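The values are calculated or read from the model by the stated rules, or taken from the named source; none is laboratory data. Keep in mind that what you see is a predicted model, and the values were worked out from it rather than measured. Here the Cβ positions follow ideal geometry from the backbone for every residue, glycine too, while neighbour counts run over all protein chains shown.
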Amino acid sequence: AKAEREKREAEEAAAKAAHEAELKASAGKAATEYAAGLDAVEALVSENKWVEADEKMTEVATAIAEYRALDPVPAEIAALVPQHEALTPKLDANRRERETAAWIERAEAVVGDRAKCEEPSEVAAAREQVEGLQESDVGYAKVQELNTKLEGCLKNMPPPSEWRYNVRDDPMGGAVATAAVQSSNSFEFEFPYQGIQHVSLTIRSDDGTDVILSIEQGQFLCTMGCSVMVRFDDGPTDRWRAVGPSDHSTESIFLRKESQFLKQLKNARVLRIEADFFQEGKRVLEFPVARFDASKVN
């Protein structure tokens, strides 16, 4: 095994030496092509064709890389390195300037759009930084300003949606779309409705739009119509008219002013509703309503 390893290493060393000899023998031709390539890059830079210059420099650098890795570097190649190294920072600076302009455009599109500012994937994509950005670069101050705003998007990001959406066929034709969310708080009534339970808020689109509160067990006090107190986030508490269902059951009520309710629901995160229950008095129901998507029930 040792002999085989030594033989393999010797063969690899011989192959490397032969390749280096070939490179040294062709260094003159490579230097001529290197010089022509660098001159082409300079010409493109002088014409402000920065993208083409960047692509050409990548091609030139790739072609000459093996020659520059030789020890020592062939003299005719080494003589051209200063020209190469003088061009590199100019190209790097312009590349950063172009990338910064594109980054600023993406970031402004996010911070200027509430929906995008509240979408984790949009904010994450916008926060991908320009590699190597320096304080002296064009757009540096704007990048810092937008980064601060993107941080604000993250801090104010609403929680994930807890809405459940469903579409079913209507026996009479068409479809019925619903969006439902369960109350985050639970409560327990006295006999015969004992047991921990929640209330559901359902938005239903059928022949018009319904806003429905439903309880698992118990009775809403709303036989002849009633009102509930509604508060979106930290806004004012408003009285909202409600009615019972047409079948006179007591496990659900329908809130009126549906369009106004949906308009306020669209941007809310927490909804609180105070309702009356038979023999249980008033209870405050709290719903996590962030990220309600009205398009799914229209």
* Structure fact -> So, first residue assigned by TED's automatic domain parsing to the domain that holds Gln144 in the stretch 99-111, second residue among the hydroxyl-bearing types (Ser, Thr, Tyr) and surrounded by fewer than 17 Cβ atoms within 10 Å (Cβ to Cβ), Cβ within less than 8 Å, six or more apart or across chains; the pairs are Thr100/Tyr140
* Asked: If you check Ser249 against the conditions, is it more than 37 Å from the chain's Cα centre (by Cα) and at pLDDT 90 or above?
  -> no
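Yes or no, residue by residue, for (1) in contact with a helix residue (DSSP H, G or I) (Cβ under 8 Å, 6 or more places away or on another chain); (2) of a type in the set (A, V, I, L, M); (3) touching a residue at least 12 places away in the same chain (Cβ under 8 Å):
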position	(1), (2), (3)
Asn94	yes, no, yes
Glu135	no, no, no
Val138	yes, yes, yes
Ala141	no, yes, no
Gln144	no, no, no
Leu150	yes, yes, yes
Arg164	no, no, yes
Asp170	no, no, yes
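Any idea how many residues of the stretch 184-199 are surrounded by 15 or more Cβ atoms within 10 Å (Cβ to Cβ) and either aliphatic (A, V, I, L, M) or over 16 Å from Ser249 (Cα atoms) (or both)? Spell out the reasoning first.
Within the stretch 184-199, the first condition is being surrounded by 15 or more Cβ atoms within 10 Å (Cβ to Cβ), and the residues that meet it are 187, 189, 193, 197-199.
Among the residues that remain, those that are also either aliphatic (A, V, I, L, M) or over 16 Å from Ser249 (Cα atoms) (or both) are: 187, 189, 197-199.
Looking only at that region, the number is 5.
Going through the stretch 195-216 one residue at a time, which ones are assigned to a strand (DSSP E or B), without any contact (Cβ under 8 Å) to a residue 40 or more places away in the chain and closer than 20 Å to Glu280 by Cα? It would help to see each step written out before you state the result.
Restricting attention to the stretch 195-216, the residues satisfying the condition of being assigned to a strand (DSSP E or B) are 196-197, 199-206, 208-215.
From the residues that got through so far, the ones that are without any contact (Cβ under 8 Å) to a residue 40 or more places away in the chain too are 196-197, 200, 202, 206, 214.
Once the filter is applied, which keeps residues that are assigned to a strand (DSSP E or B), without any contact (Cβ under 8 Å) to a residue 40 or more places away in the chain and closer than 20 Å to Glu280 by Cα, the stretch 195-216 yields Ile196, Gln197, Ser200, Ser214.
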* **Boolean, Ala141 is within 19 Å of Lys29 (Cα to Cα) and either surrounded by 13 or more Cβ atoms within 10 Å (Cβ to Cβ) or of a type in the set (A, V, I, L, M) (or both)** => no
* **Which listed residue, of Lys90, Lys56, Lys7, is crowded, with 17+ Cβ neighbours inside 10 Å, free of Cβ contacts under 8 Å to residues at least 60 places away in the same chain and among the basic types (Lys, Arg)** => Lys56
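In the list Ala78, Ala53, which residue meets the criterion of being under 29 Å from Gly132 (Cα atoms) and in contact with an Asp or Glu (Cβ under 9 Å, 6 or more places away or on another chain)?
So the residue among Ala78, Ala53 that is under 29 Å from Gly132 (Cα atoms) and in contact with an Asp or Glu (Cβ under 9 Å, 6 or more places away or on another chain) is Ala53.
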* Structure fact -> Of the listed residues (Ser227, Ser246), the one being under 20 Å from Glu280 (Cβ atoms) and among the hydroxyl-bearing types (Ser, Thr, Tyr) is Ser227
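How about the stretch 102-133: which of its residues are assigned to a helix (DSSP H, G or I) and surrounded by 14 or more Cβ atoms within 10 Å (Cβ to Cβ)? Working first, answer last.
Our first condition is that a residue be assigned to a helix (DSSP H, G or I); within the stretch 102-133, this holds for 102-111, 114-117, 120-126.
Matches in the stretch 102-133: Trp103, Ile104, Arg106, Ala107, Glu108, Val110, Val111, Lys116, Cys117, Glu122, Val123, Ala126.
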* Structure fact -> The lone condition Ser183 fails out of (1) modelled with pLDDT of 90 or more; (2) over 23 Å from Glu258 (Cα atoms) is (2)
